[in-house]
Amino acid sequence: MEKSKRKMWLMIVPALLMLILVPIILAGCGGSKTNLKLTTPFSKTEYYLGEELDVNGGVLTYTDENGEESVVIVEESFVTGFDTSTSGRKTMTIIYENKTVSVSYVVKNFRLGEYRATQVLDSDGTPSGGEIPETTLTFNANGNFVYRIPEGSQNGNFEVDVNGKIEFTANASEMTLTAYYDNDCIYLDMYGDGSSTLVLEYVG
């Protein structure tokens, strides 16, 4: 009789251990079901130096432990690693419920705002010593510029590449000019032949 009891316990104990351990092992192998995806990207992924983060358009889909999905509008507080103090191709991180998503963006080597002419350079890069034309250029976030001289003003559109090369076209004349940005200055080839460069400094 005693042997039968002992035999029965030897069969029951392993069975109980299996009932306890198997769910734990399976849960460990399965891992967390939570997931985070950026299902609708930000409207803005290109920035200029000094611009602030714009999260408009960004929508997340979060999946919880039970597999339930929820739609979440991205807020600025979710984002870390955003920086427009220097130019280049960069990555910011969205954090929600301890899950992360990486988002690429570009900061172009250019600063929006107003620039005022301060000097004219000859072809060799030295100051010409001549009269500095009273000129201002203003660039805004919509891709428009205004060119002002005492005789009047013109406006048009501009484009900047990641390295700071600027191409702007006046609406009235449809003439396209090329300039370069460097350290808060614009260098504008006045006649298109490199003989004279107008330097305009950033004023805000």
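Using a Förster distance of 25 Å, how high is the FRET efficiency between Asn66 and Thr39, based on the Cβ-Cβ distance and rounded to 0.05?
Efficiency at R0 = 25 Å is approximately 0.80.
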Net lengthening on full extension, Ile149/Ser104 (0.36 nm per residue, minus Cα-Cα):
12.2 nm
Which of the aspartates and glutamates could be linked to Lys108 by a straight reach, that is with a Cα gap under 19 Å, when you skip same-chain ones fewer than 8 residues away?
Glu46, Glu51, Glu52, Asp54, Asp83, Glu159, Asp161, Glu167, Asp182, Asp184, Glu201
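What length, rounded to one decimal in nm, is gained on full extension from Glu114 through to Thr80, with 0.36 nm per residue of separation minus their alpha-carbon distance?
Details: separation 34, 0.36 × 34 = 12.24 nm, distance 2.98 nm.
Gain on extension, Glu114 to Thr80, equals 9.3 nm.
Between Thr91 and Thr178, take the C-beta separation as r, use R0 = 45 Å, and let me know the FRET efficiency to the nearest 0.05. Write out the running numbers ahead of the final one.
Values: r = 31 Å, r/R0 = 0.68.
The computed FRET efficiency comes out at 0.90.
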What are the ³J(HN,Hα) values, in whole Hz, obtained from phi via the Karplus relation 6.51 cos²θ - 1.76 cosθ + 1.60 with θ = phi - 60°, for each residue of region 91-102 in sequence order, with x given for Gly and Pro?
9, 10, 10, 9, 10, 8, 6, 6, 10, 10, 9, 9
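No value in this document is a laboratory result; all are computed from the given coordinates. Note that the structure is a prediction, hence the values are computed from the model and not measured. Here the Cβ is made from the backbone with ideal geometry for all residues, glycine too, and neighbour counts use every protein chain on show.
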